[in-house]
Structures are given as structure tokens and as C-alpha cells.
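Below is one structure, written out as C-alpha cells, with a few remarks after it.
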Amino acid sequence: MPDEPQWPTDDDDADLNEPLAEPTVQVSRPSLDQPTMRFPVAAVLKPPSTPEAPRSSPVRSAPNGAAAAAGGTTVPLNGSGGLPASPGGSSGGKSHGQVGPDGGQPAEPPRAAPVRITPGDHGKPAPVVEPKNDQTRVVPKPEQKTTELSVPPGKTARVDQLSEKSWFDQPVRTEAPAPRPQPPRVEPVLPPPPPPPPPPAPKEEPVRETLPVSGYDEEPQDRLTGSDEPKKGRKPLAVVLGLLVVAALAGASIYAVNEFGGPAAIQTKPPAAPANVQPLVKAATAGAPAATAAGVRAALAGPAGNSALGTLNGTVVDPASGAVLWQQGDTTPSTPASSLKILTAAAALLSLEKTDQLSTKVVQGAEPGTVVIVGGGDPTISGTPGSSVYPGAATLDDLVNQVKQKGVVTKVQFDLSRYAGEALGPQWESADIAGGSVAPIVPFMIDGGRFDPKKDVSARTGSPAQSAADAFAQRIGAPGATIGTAPPGAQVLGEIKSAPIEQLVDNMMQISDNVLTEAIAREIAIKSGNEPSFTGGVKAVRDVLTKNGFDLTGANFVDGSGLSATNKLPAKLLTDVLTTAAKPTLDDPRTAKLRPLLTALPVAGGSGTLAGRYAGSAAGGKGWVRAKTGTLTGVNALAGMVVDVDGRVLVFAFMSASNRNPETEVRPALDVMAAALRGCGCS
């Protein structure tokens, strides 16, 4: 069995210089014209000041005993460098000093796996280290490309200085060892390489203190197997990649300096000049050129003479000055149809708080398990969430869920005592229920009594309260509902609220909803102390308007929605209310309260009952006319406001009684009249 390799002891290194402060390994690739790297002797033999754990090296290690199997003893190499020459070195070889202390006496057992150092002289064979007695002879090896050397773990290899560095040398730094010692790693034992052929006689050379170390251009498997087949180096690729990286870094640095460095980086450009805004719509102000009576008469002469209009009554007023610019039968009572809603809306805005809401409650009944729905006058409750023509409507499901949380319900009743009188107005026709114009007016219903909650005009139910109560009972798990009365002071089990009054007014004007209008008229009656019925509602509306200074001479109406054909009122009353709402200043306290009335009017060609109108000859008024429509058999009306081309606001009311076709003749003729006011330029 071959002798174990002998390693230097700590005593051998006692006379060497102090170790570096930081244990590092720096290995650089040799340049093309500098094939060797030189390492100080002191750095090779000097032990580190503190023990450290074994660390990996860029130089591959060979298994212990590889050199012994080849018939030689490996030379301990603490790093890469030359050893001092021994006086008794072998003839023709390079002496690297004694192997162990005291002329080759065995030292402590080996503590690391041997390290294989691959040649780096670009084609020159690496020397072979052979033991001879106490000497170590380094013999050049013509074919073998590797030299088996051993490095004990306690002797950390250092490269303190690199002689003649190549420009692409890259230092490799290992991390500082952990404070506590760790057991050394055990390298796997690999099969020894085949024995090398006998080396040729070496040439006599002077003793050098450096040992060439290279081999980093070979693939890992070549260094392990010791194959003699030459491998293509990757140095050109590394050089190209290095050049590209350097060029990229240089370019980035120049760009950063130019873009972000220096005085230009802190300079702030002055803000751009404000944009020159050119409004497309003129402001409607009292300062705009005022329309003249002659100009308005000339503009309306042709449209007002259209025979399709039959009997035409109406008036045009400048709200800024109060001047009447055109009039024709303006004080003659005429059937207003749904334009009567202007009076009901005005009375609501003048008497009710805009934030008031209509509340529907469910209270505890007189018997256990019984609940009573107390109608609060809100016809906009949605029976199907997300399918309502009433924005902001409360939902029946919300009311059901609140009551379910209070306990089991076995019986449902509904209380309609909030309203009095008849459920249908004077001269209302039952055909209007099936036609979708109206439903019986009761204080509890869902979706205004509609069968199709998504459509403004939809067939309605003749018993809206019963239908709504049955829907509640079914969802809460009780039998069909019956009419009843809530006990005084009963516990409230659930409550839902409508949208605010101002929004309800807007909704009733946009879609001309008769049921919602009658409900609001009853709320005006309750607020003013009148009976919540058709009669009480009409009286309350008249009282509020009269109290606020409006002349109701010639006005005679029996409902709040205008559905009755017996309703009569002069066009002047409509323009009086609109003029007050459209005044350019708020000096009149009524104006501030009535302002929402103007925005509640449908827009020509844009919204509500005017969305599908203002085509053809009336197209000039699209978007500029806002008005409330009115339609009954043989009756059509249009009352609202328009901004003329000079930016002046004008209010108007046109009321026609004609047997001509309303869809194709009468209504288009009224639209042309309003559009003529828009484009008259009457100043």
C-alpha cells in the first residue's frame, strides 16, 4: 500500500509572515500572452489565523490516492504558487522544497482531498510531480494535462498578488467563514485516472518560484477524466460577452450622466400657457340679446298656421324681462292633458322638503305570527331588483329580509288607510288600466302596478295592493295576504324608503307617470292638512300655487296628473310657473325652489317622452328644447323652455285641440313651433 501523503504541520509555517486580514481566494484567468500566474511562497504555506470550514475552489479536486496509485506522492499546495527549492532535489527536475518538516518526516494526517490543477500554458504539457526520497521532482508531462495536488482544509489557499494580470481577470471571493467551526466536507472518491506514460527527460532549467496554474478553459468533464483530446476553448466567447457588457455599461453610464446628471437634471421647464377654451354652447344669460315681439311673431307665423294643429292656444315669454313676446288665446282655458303635471310638480317643490322620502313599514300584528304592511304612499317599490323604471327605488326583498330576521311569519295583512276616497279619478276610463296609463291609486304597490316593471307603458293590474301584499307573503313563507289594520303603536319589524321627493318629481316628469304624480299630490294634501284623495290633492295644489302668487283664474282641474279630459287651464298659467323657475336671478325666493322643475323637463331628442321626437323639420330644436308633453284623445300640448341662437332663454306653452293624426301631424307641428323659437334670432 503506498505511503500516505505527508502534510506540513503548523510548526513549518511559524516563521512566515502574518496572514491577510481577510481569508480570500482570488483566481484569475491568464491572458493570451501571460500563461502563468505567480503566487508567493508565504501565501502558500501560511495558515489562516482562525480555523474555517472547507470551501469550494474553482480548481477541481482529484480523489485522495490518485497520485499514489500512479506511483508518486502528491505535493501539498495551499493555493497556487511555487515552493522554495530543496538542496537535494532530483536531477533535471524543478525543486519545490521539502514535503514535510524536518526533511520529509511525516507530519499530521492529510486533511483535504487533493486538488487537480489543469494546465494553462495553451498546449504545453503540465509538469508531473513525482516523489523521490525526501525530494519532490517536477517532470514535464507531454500528454497528461492534469497534475494531482492535494490541499489540506486547514491551509487556505491565497492569492495575495497576481503577476501580470490579464485585462479580463475576474477575482473570485468567497464569503467569510461562520464564527463556529464546522466539520470538513468529505469529497466523493472518484476512480483514479489511467497512469501517465513515462515523461521525457526534462531540460535543465533554473529554479523558479512559480508554478503555472491554468485549465479554466476546459469543460468540467475533461478535467475529471484527464482526456488527452483537445477541447475548444470558450475564451473568444467570454471576450465577446465581456466587451458587450462593458459597452452596455458604458453606454448606460453616458446616458445617465447626460439625462440625469449635471445642471440640466435640476432645471424645471416653465408651465405651458393655459389652453384657449372655445365653448361650443353660449351661456344663457340675461346679457344676451333680447328677443323682440316682432321677431318672435315672424318666426312663428308659419308654424302656428299649420292646419294640423286645429285650435291652438299658447304664449311665449322672456323670463329675464317678463315680456310677453307672442300670445294666442293664452287666457282661454284649454285641456292641458299631462302638461298639468307642471302645476303638481311646482306645488310639490314649493311645499315639500326636497329630501323627504316615502316610507313603507311592516309592524307586528295583533296576533302572534301576524304582520301588517302599512302602505306609506310609495308606488315605486321594486318587486324585481334591477328591473325598475324608477331610479333609486326601494325593494320588496329588502323589506322581506328585515321581517324574516324578527321571527316566523304565519299571516300577512296590509293596511291602506293612508289614502281616502276613490282609487280612480273622475272621468278616468278603465281601459287606461289595461292600456298601461294608470293603476288604481293606493298607498301600497310595487312597480306602479305594472306587469312589466322594465317598461314605462305597460299593462297594469286592477288590484295593485293585493298583488304586492301577496308577493310579500309568498317570499316570507306565509299564505296569501288579507286587508287589515295595524294596531296603534305596534312594533316596527321592517322599513324601506323611497328616493327623495326631488328625484320623484324628476322621474314623474320625465316618463309622465300618472300614478306617481297622484301619489305626490296626496303627499301635498297630507302636508297641507287636506284629505289624501283626488279632491284633497287638487285643493292642496291650488292652495300652494295661490299662496305663492300664481293666478289660477280659469284653471279648473280634478286630478293632479291631467288624465281627466275635463281638466281646463289657460296657457298663461303654465308660462307663469315656468317663467318664475327660469328667471336669471334668485331674487325671487320661489325661483330657487322651482329650479329643479327645469331640469326635470324632458330634452328634445334626448330623454323622457321627447327622446324619439324632433326629427325632420324640427331637428334644429334637438337638444335645445326642454318641455313637458301632454296627450289625450284629440288633445296635444307642449310647454317648456328653449335657448335661442342669441343665447336668450324663452319659455312657451302650446295647447292644441285637433282631430288630426297625433303621431304624424299634430305633435311634429308642435315640435316645429318650438324649434322655430330656437333658430329665430329674434333680436
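Determine, yes or no, whether Glu518 is in a helix (DSSP H, G or I), among the acidic types (Asp, Glu) and surrounded by 24 or more Cβ atoms within 10 Å (Cβ to Cβ).
Considered against the rule, which asks whether it is in a helix (DSSP H, G or I), among the acidic types (Asp, Glu) and surrounded by 24 or more Cβ atoms within 10 Å (Cβ to Cβ), Glu518 comes out as yes.
One line per residue, one yes/no per condition, for (1) within 21 Å of Pro391 (Cβ to Cβ); (2) in contact with a helix residue (DSSP H, G or I) (Cβ under 6 Å, 6 or more places away or on another chain); (3) part of a helix (DSSP H, G or I):
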{"site": "Gly462", "(1), (2), (3)": "no, yes, no"}
{"site": "Pro487", "(1), (2), (3)": "no, no, no"}
{"site": "Glu502", "(1), (2), (3)": "yes, yes, yes"}
{"site": "Asp506", "(1), (2), (3)": "yes, no, yes"}
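Residues being in a loop (DSSP other than H, G, I, E, B), within 35 Å of the chain's Cα centre (by Cα) and over 20 Å from Ala471 (Cβ atoms) are represented in segment 379-396 by at least one member. Asp646 meets all of the listed conditions (1) farther than 25 Å from Ala293 by Cβ; (2) in contact with a Pro (Cβ under 8 Å, 6 or more places away or on another chain); (3) surrounded by fewer than 24 Cβ atoms within 10 Å (Cβ to Cβ); (4) not hydrophobic (A, V, I, L, M, F, W, C) but one, namely (1).
Got at least one residue in segment 420-431 being touching a strand residue (DSSP E or B) at 6+ places or on another chain (Cβ under 9 Å) and at pLDDT 95 or above? The answer is no, given that none of the residues of segment 420-431 is touching a strand residue (DSSP E or B) at 6+ places or on another chain (Cβ under 9 Å) and at pLDDT 95 or above.
Put simply, of Ala619, Ala615, Ala657, Ala611 the only residue that is open to solvent by 20 Å² or more (accessible area, probe 1.4 Å), modelled with pLDDT under 95 and of a type in the set (Gly, Ala, Ser) is Ala615. With the condition kept exactly as written, say whether any residue in segment 500-510 is at pLDDT 95 or above, touching an Asp or Glu at 6+ places or on another chain (Cβ under 6 Å), farther than 29 Å from Val409 by Cβ and open to solvent by 10 Å² or more (accessible area, probe 1.4 Å). No - not one qualifying residue is present in segment 500-510.
Just the residues that are acidic (Asp, Glu) and open to solvent by 10 Å² or more (accessible area, probe 1.4 Å), please, taken from segment 364-414.
Answer for segment 364-414, where residues must be acidic (Asp, Glu) and open to solvent by 10 Å² or more (accessible area, probe 1.4 Å): Glu367, Asp397, Asp398.
Consider Pro440 carefully, then state whether it is at pLDDT 95 or above, assigned to a loop (DSSP other than H, G, I, E, B) and farther than 28 Å from Leu352 by Cβ. No. Checked against (1) in contact with a helix residue (DSSP H, G or I) (Cβ under 6 Å, 6 or more places away or on another chain); (2) not in a helix (DSSP H, G or I), Ala669 passes all but a single condition, namely (2).
Being closer than 19 Å to Leu670 by Cα, touching a Phe, Trp or Tyr at 6+ places or on another chain (Cβ under 7 Å) and surrounded by 19 or more Cβ atoms within 10 Å (Cβ to Cβ) narrows it down to one of Leu578, Leu569, so name that one.
Result: Leu569 is the single residue among Leu578, Leu569 that is closer than 19 Å to Leu670 by Cα, touching a Phe, Trp or Tyr at 6+ places or on another chain (Cβ under 7 Å) and surrounded by 19 or more Cβ atoms within 10 Å (Cβ to Cβ).
Residues in segment 410-421: is at least one β-branched (Val, Ile, Thr) and not in a loop (DSSP other than H, G, I, E, B)? The answer is yes; a qualifying residue exists. Checking Ala431, Ala439, Ala423 one by one, the residue that is closer than 20 Å to Ala459 by Cα and in contact (Cβ under 8 Å) with a residue 24 or more places away in the chain is Ala439 and no other. A search for C-beta distances below 6 Å between a residue of segment 480-505 that is within 17 Å of Leu416 (Cβ to Cβ) and any residue that is at pLDDT below 95 and surrounded by fewer than 18 Cβ atoms within 10 Å (Cβ to Cβ), counting only pairs 6+ apart in sequence or on different chains, returns Pro487/Ala366.
Note on segment 448-496: residues that are among the acidic types (Asp, Glu) and open to solvent by less than 10 Å² (accessible area, probe 1.4 Å) total 0. Residue count for segment 320-334 satisfying the condition of being over 55 Å from the mean Cα position of the chain (by Cα), open to solvent by 50 Å² or more (accessible area, probe 1.4 Å) and not hydroxyl-bearing (Ser, Thr, Tyr): 3.
For every residue, the table says whether it meets (1) of a type in the set (Val, Ile, Thr); (2) touching a residue at least 40 places away in the same chain (Cβ under 8 Å); (3) in contact with a strand residue (DSSP E or B) (Cβ under 8 Å, 6 or more places away or on another chain); (4) assigned to a helix (DSSP H, G or I).
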| residue | (1), (2), (3), (4) |
| --- | --- |
| Ala301 | no, no, no, yes |
| Ser321 | no, no, no, no |
| Thr331 | yes, yes, no, no |
| Lys341 | no, yes, yes, yes |
| Ala345 | no, yes, no, yes |
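Residues in segment 601-614 that are over 17 Å from Val643 (Cβ atoms) and in contact (Cβ under 8 Å) with a residue 40 or more places away in the chain were compared, and the one that is farthest from the chain's Cα centre (by Cα) is Arg613.
Each residue in segment 563-584 was checked for being of a type in the set (Gly, Ala, Ser) and under 48 Å from the mean Cα position of the chain (by Cα), and 2 of them qualify.
The values are calculated or read from the model by the stated rules, or taken from the named source; none is laboratory data. Since we're looking at a predicted model, the values are computed, not measured. Here Cβ is always computed from backbone atoms with ideal geometry, including for glycine, and neighbour counts include all displayed protein chains. With ligands, DNA and RNA removed, areas are computed over all heavy atoms of the protein, side chains included. Shrake-Rupley method; radii C 1.70, N 1.55, O 1.52, S 1.80 Å.
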